[in-house]
Every structure is written in C-alpha cells, then in structure tokens.
Amino acid sequence: MGYKVVVAGATGNVGREMLNILAEREFPVDEIAVLASRRSLGTEVSFGDKTLKTQDLATFDFTGWDMALFAIGSDATKEYAPKAAAAGCVVIDNSSLYRYDPDVPLVVPEVNADAVLGYSKKNIIANPNCSTAQMVVALKPLHDRAKIKRVVVSTYQSVSGSGKEGMDELWDQTKSVYNPVTEVPPKKYPKQIAFNVIPHIDVFMEDGSTKDEWKMVAETKKIVDPSIKVTATCVRVPVFVGHAEAINIETEDFLDEDEARDILREAPGIMVVDKREDGGYVTPVECVGDFATFISRIRQDSTIENGLNFWCVSDNLRKGAALNAVQIAEVLGQKVLKKG
C-alpha cells in the first residue's frame, strides 16, 4: 500500500524535479496529483513513464491525500498550505514561509531526521534554503566529532536558484554579448549576470546583510545547533545549475584534515573527491543531476587554532530543493505514516 501524493507547482523547475526524483527513488505512490496555477492549467508534466495533466491549485480538495510537496513560493503557500494541512494532508513546503516558525520542523534528513516527528503541530514541514541544505549536510558529522564554534561561508550560487527567469536572463544576456545587436538589460537581477558575479541575493536588511545570508545563519542554528556562529556572503554567479560554497570552520576540539576527510567519506549524502592535483575536485557542472553533496579541497586553516577549509558543491535543484523534500517525504512515511 502506497501514498496519495500531491505536487503543487508541478510546472516549475523544482516541481518537475520533485516528480523526477519521486520516480527515480521509486517512492511508493498509489496516486499522484499535479497542481499548478490557472495560467498553467492543463500543462502536461512527466512522472516516470506517465504523462500527467495539471489540475487547478485554487479548487483542489486535499481531503484524503497523505502528503503534498509544495514548490509554489511564499505568497501562494500562505493561502494553500493551511487548507491542505487542515484537510489532514501533511505539507512539505519548499518556500521560506514556515522555516523560522517554532511550531514547524525545518528538516535535512541526513542531519535532523527525527525533527519530522514535530510535524503535527501545524501538519507542515519546512524545507531549508538551497545553500543551507548542502552546507549543513557537511557540517553535521564534523560538529558531532569536534563541535563547530564558527562558520565563515562564501557561496557561488547558480541562476537556477532564481527559477526559470534567472536561467533565461543568463542565456539571453550571454547571447547578446556575442551578438551586440540585441541588448538584454538586467531584469531579474540588479546587474548584468552574464560574465559577471553579483554579491546580492534576496533583499538587503538593516545590518547590511542580504536575506539569503540571514537565512543561512538562522537555518543552520535551527537545524544543527543554536550555539554555532555563522557569517555568510552570498553571491550569484553565471552558472545554470549547481551551487558551490567555500566554507571555513573553527572547532572547539582539534580536528586533523585527514580525520575530517575520513569522517566526511563515511557521512550520509556526501561524496568526497579531494585529490591535490589538477582537476582533483568537483565543480557545479559535474554535480548536475546527482543526489550527493560533494566535498573537495579539505585542508587545515593555520591562521586559527582549530580551523578547516573545504569546498562544497551540490545540485541546488536536487539536494537544495526537490531531493530534500522527497527525502523528508520518505522519513515521514517511515517514521509516521508507515504505509509504503
């Protein structure tokens, strides 16, 4: 006996990826419904070898459905997630709306799977920010061994993190650089993204940080340990898919780079590719379509007493969004619903 599963936002990048991953991982689905806004109504999407037509999110009845994977943004989630939850359908939400709600668990299954058990307060489970998700997968096993005091992270985030408009803008601007007849001014981003990097993701806050940087701080504390100090600089780069991060950690106990490498090799969800030679590391292009979070360039930081540096790369549409949501669904099934 399997689950009755809803995917809301099924025509977007993340929604389509959710459907791909549900099929790839052979999630026990008895029945599936794909929802979209009225303007996308009837659009066909793929689920394994099936083709499904989208239904109207606004009129859909969630009664009798086990779980709903939401990839529809905060505004629509605010309207429809409570309706689904009230109908007894557990919402796994990819937006930022519920991440900081103390009554909603924020879950990365490799890190805090048991937090799923707190879903019942609102019948909602939150998926973290894409850049946080891959980072905490790497931090948790090291934190368990040597207790991380401080994290300094710089991100190199792909345009797919901004959705289809971001990918289209990079594509169109890149073409316009080679063919100057057509000018493509910035629209999705505040400055040109083609052949450029932009140290600005989401809105600016009073202290000078951006919302994306604040998210990494708040979410790491909620998922891993509230005592960890985090400072982040989030940068958009002209890459289509795959987020990269340069991470520096300071630990309470000394952790040798070789031991750190061994710990990460054994950790769930991580693939270590760390050869000290040309090409002995993973870049965003190579991680696309993969489930793993890749770690490279592990080395001691000699400028502080207990410091390590490493490079972290992951497919942001997968581990950063769709894969993590499906993994939460798997944990929810195994630990709570127990049907599949």
Residues of the stretch 1-30 satisfying the condition of being assigned to a strand (DSSP E or B) and within 21 Å of the chain's Cα centre (by Cα): Val5, Val6, Val7, Ala8
Residue that is most open to solvent (accessible area, probe 1.4 Å), among those in the stretch 77-106 that are touching a residue at least 60 places away in the same chain (Cβ under 8 Å) and part of a helix (DSSP H, G or I): Tyr80
Unmet criterion (only one of (1) farther than 30 Å from Lys229 by Cα; (2) within 21 Å of the chain's Cα centre (by Cα)) for Ala85: (2)
Test: residue in the stretch 51-72 that is within 20 Å of Asn129 (Cβ to Cβ), of a type in the set (Val, Ile, Thr) and open to solvent by 30 Å² or more (accessible area, probe 1.4 Å): yes
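Give the residue that is nearest to Glu169 (Cα to Cα), with candidates limited to residues of the stretch 239-272 that are open to solvent by less than 50 Å² (accessible area, probe 1.4 Å) and part of a loop (DSSP other than H, G, I, E, B). Steps first, answer last, please.
Our first condition is that a residue be open to solvent by less than 50 Å² (accessible area, probe 1.4 Å); within the stretch 239-272, this holds for 239, 241-251, 255, 257, 260-261, 263-264, 267, 269-270, 272.
Narrowing the set further to residues that are part of a loop (DSSP other than H, G, I, E, B) leaves 239, 241-242, 255, 267, 269.
Details: Val239: 12, Val241: 14, Gly242: 17, Leu255: 43, Ala267: 37, Gly269: 32 Å.
Step by step, filter the stretch 239-272, then rank; the result is Val239.
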Residue match in the stretch 201-208 (condition: within 17 Å of Phe240 (Cα to Cα) and crowded, with 17+ Cβ neighbours inside 10 Å): yes
Unmet criterion (only one of (1) part of a loop (DSSP other than H, G, I, E, B); (2) out of contact with any Lys or Arg (no Cβ under 6 Å at 6 or more places or on another chain); (3) surrounded by 15 or more Cβ atoms within 10 Å (Cβ to Cβ)) for Asp212: (1)
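From the list Ala68, Ala133, Ala33, Ala138, which residue is under 24 Å from Gly269 (Cα atoms) and in a strand (DSSP E or B)?
Working: Ala133 fails: in a strand (DSSP E or B); Ala33 fails: under 24 Å from Gly269 (Cα atoms); Ala138 fails: in a strand (DSSP E or B).
Of Ala68, Ala133, Ala33, Ala138, the one residue that is under 24 Å from Gly269 (Cα atoms) and in a strand (DSSP E or B) is Ala68.
The values are calculated or read from the model by the stated rules, or taken from the named source; none is laboratory data. The structure displayed is predicted, hence computed values, not measured ones. Every residue, glycine among them, receives a Cβ derived from its backbone with ideal geometry; neighbour counts consider all protein chains shown. Quick note on the areas: whole protein, heavy atoms, side chains included, nothing else; ligands and nucleic acids left out. Shrake-Rupley method; radii C 1.70, N 1.55, O 1.52, S 1.80 Å.
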